[in-house]
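This is the structure I have questions about; it appears just below.
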Amino acid sequence: MVSTVPTQDGIRIPLRFGRLKPLFVVLGMSPRSSWIAVGPETVTVRAGFWFRATFARRSLQAVEAAPPRPWAIGVHTWRDGTWIVNGAASPIA
């Protein structure tokens, strides 16, 4: 189950961290600083100080659960231009 935190402008969904959490914390990507914020107009994705993206919510074409990828934990782009930002193989939020 995804835990959400209501905010003044929408919701904030913290990213989950798996067994590599201690490594990510040392590298500056902690659960406290890694989240997805969904507001009425924008979406912000943050992974510590390593990654931050803010874009118009209306520009989203699709949102779907990514299949488990134990080798792909962190911030990644795929060849088709999509992004995955996660702290655990599955589930990511």
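Considering only the range 8-26, state which residues are aliphatic (A, V, I, L, M) and either within 14 Å of ASN86 (Cα to Cα) or modelled with pLDDT under 85 (or both).
Let us first name the residues in the range 8-26 that are aliphatic (A, V, I, L, M), namely 11, 13, 15, 20, 23, 25-26.
Residues satisfying the conditions are ILE13, LEU15, LEU20, LEU23, VAL25.
For the range 22-36, which positions are surrounded by 18 or more Cβ atoms within 10 Å (Cβ to Cβ) and aliphatic (A, V, I, L, M)?
The answer is MET29, ILE36.
Restricting attention to the range 22-45, report how many residues are over 24 Å from GLN8 (Cβ atoms), in a helix (DSSP H, G or I) and in contact (Cβ under 8 Å) with a residue 40 or more places away in the chain. Before the answer, list the steps.
First pass over the range 22-45, keeping only residues over 24 Å from GLN8 (Cβ atoms): 22-29.
Going one step further and asking which of them are in a helix (DSSP H, G or I), we end up with 22-26.
When the remaining residues are screened for being in contact (Cβ under 8 Å) with a residue 40 or more places away in the chain, the result is 24.
Looking only at that region, the number is 1.
Answer yes if at least one residue in the range 46-59 is assigned to a loop (DSSP other than H, G, I, E, B), open to solvent by 30 Å² or more (accessible area, probe 1.4 Å) and under 20 Å from ALA72 (Cβ atoms), and no otherwise.
For the range 46-59, residues assigned to a loop (DSSP other than H, G, I, E, B), open to solvent by 30 Å² or more (accessible area, probe 1.4 Å) and under 20 Å from ALA72 (Cβ atoms): present.
Let me ask something else about it. Take TRP71 and tell me if it is of a type in the set (Phe, Trp, Tyr) and either touching a Leu at 6+ places or on another chain (Cβ under 7 Å) or modelled with pLDDT under 75 (or both). Talk me through it step by step, then tell me what you get.
Numbers: of a type in the set (Phe, Trp, Tyr): yes; either touching a Leu at 6+ places or on another chain (Cβ under 7 Å) or modelled with pLDDT under 75 (or both): yes.
Taking the combined requirement at face value, the residue satisfies it.
Looking at the range 60-72 only, could you name the residues that are open to solvent by 40 Å² or more (accessible area, probe 1.4 Å) and under 16 Å from ALA88 (Cβ atoms)? Before the answer, list the steps.
Our first condition is that a residue be open to solvent by 40 Å² or more (accessible area, probe 1.4 Å); within the range 60-72, this holds for 60-71.
Correct list: ALA65, ALA66, PRO67, PRO68, ARG69, PRO70, TRP71.
The values are calculated or read from the model by the stated rules, or taken from the named source; none is laboratory data. As the structure is a computational prediction, the values presented were derived from the model and not from experiment. With ideal geometry, Cβ positions are generated from the backbone for all residues, glycine too; neighbour counts draw on all protein chains shown. To get the accessible areas, we keep the full protein, side chains included, count just its heavy atoms, and leave off ligands, DNA and RNA. Shrake-Rupley method; radii C 1.70, N 1.55, O 1.52, S 1.80 Å.
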